[in-house]
Each structure stands twice: as structure tokens, then as C-alpha cells.
Amino acid sequence: MGAEKLTKAEIIEQIYPKVRVSKKNIHTILDLFFEEVKSGLLEDRVIELRGFGTFEIKTRKGRKARNPKTGDTVQVENHGVAVFRPGRELKQKAWSLRK
């Protein structure tokens, strides 16, 4: 069974009662945070959020792949992919979620 989605709007709703900031300002702060993370990644920087995890760009090696629609073989070049590595505490807690 798949996990239930948590949207940015729901995150804002959960933060709102905990702080004395308007929902509009919370939305702005979240957007600015995500823009900083994206900018850092696109500058090939590692984003380390202690107690949470690390975002970085890894190189995925090129390979031959099959186009599922046509069945043709295509060459996929080396390319960057954004990855997230959870911090120790998050990793340990996530380990027992789906037993």
C-alpha cells in the first residue's frame, strides 16, 4: 500500500497554529527555502540539514535503454540526478515503518 501524500498547503496548515506568522508569510518562507535548496543544488553544492538529511546531485552513468513505446534501443548519456540521503535519526525511524 502506498504512502499518503502531504502537500505544501497541508504543511502550512500544520505550521500555522505553532507560530505567530500569517499563512501567506509561511508560504513565502517555504517557497524561499525551496528556492535556496534548488539554487544550491544547481550550483553543485551539497545541502546538509543537520538532524534531517542531505540533498546533493549525483552522476548517473550513461547506459543503453529500451524505449518502452517503440522497443528501440537508445543511448542515455551520463546525467545528474538529485538525491536525498536521510540523517541517522530519520533513517532509523523510517526503518521500522513498513514491517
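Restricting attention to region 21-28, does a residue exist that is assigned to a helix (DSSP H, G or I), in contact (Cβ under 8 Å) with a residue 12 or more places away in the chain and over 25 Å from L97 (Cβ atoms)? Scanning region 21-28, I find at least one residue that is assigned to a helix (DSSP H, G or I), in contact (Cβ under 8 Å) with a residue 12 or more places away in the chain and over 25 Å from L97 (Cβ atoms), so the answer is yes. Contact annotation: residue pairs with Cβ atoms under 6 Å, 6 or more positions apart or on different chains, pairing a residue in region 79-94 that is open to solvent by 100 Å² or more (accessible area, probe 1.4 Å) with a partner that is of a type in the set (S, T, N, Q), are R85/T54.
Yes or no: V81 over 30 Å from W95 (Cβ atoms), in a strand (DSSP E or B) and out of contact with any Leu (no Cβ under 7 Å at 6 or more places or on another chain)?
On the way: over 30 Å from W95 (Cβ atoms): no; in a strand (DSSP E or B): yes; out of contact with any Leu (no Cβ under 7 Å at 6 or more places or on another chain): yes.
Spelling it out, it is not the case that V81 is over 30 Å from W95 (Cβ atoms), in a strand (DSSP E or B) and out of contact with any Leu (no Cβ under 7 Å at 6 or more places or on another chain).
Just so you know, in region 37-67 the residues that are in a strand (DSSP E or B) and in contact (Cβ under 8 Å) with a residue 24 or more places away in the chain include one that is most open to solvent (accessible area, probe 1.4 Å), and it is K58. Across region 5-34, the qualifying residues are those that are exposed (fewer than 12 other Cβ atoms within 10 Å of the Cβ) and of a type in the set (F, W, Y), and the one among them that is farthest from the chain's Cα centre (by Cα) is F33.
From L30, L6, which residue is under 23 Å from K91 (Cα atoms) and out of contact with any strand residue (DSSP E or B) (no Cβ under 8 Å at 6 or more places or on another chain)? Just one listed residue meets the conditions, L6.
The values are calculated or read from the model by the stated rules, or taken from the named source; none is laboratory data. Source: prediction; values computed, not measured. A quick note on method: Cβ atoms are made from the backbone with ideal geometry, for glycine too, and the neighbour counts reach across all protein chains shown. Areas reflect the complete protein model, heavy atoms only, side chains present, ligands, DNA and RNA absent. Shrake-Rupley method; radii C 1.70, N 1.55, O 1.52, S 1.80 Å.
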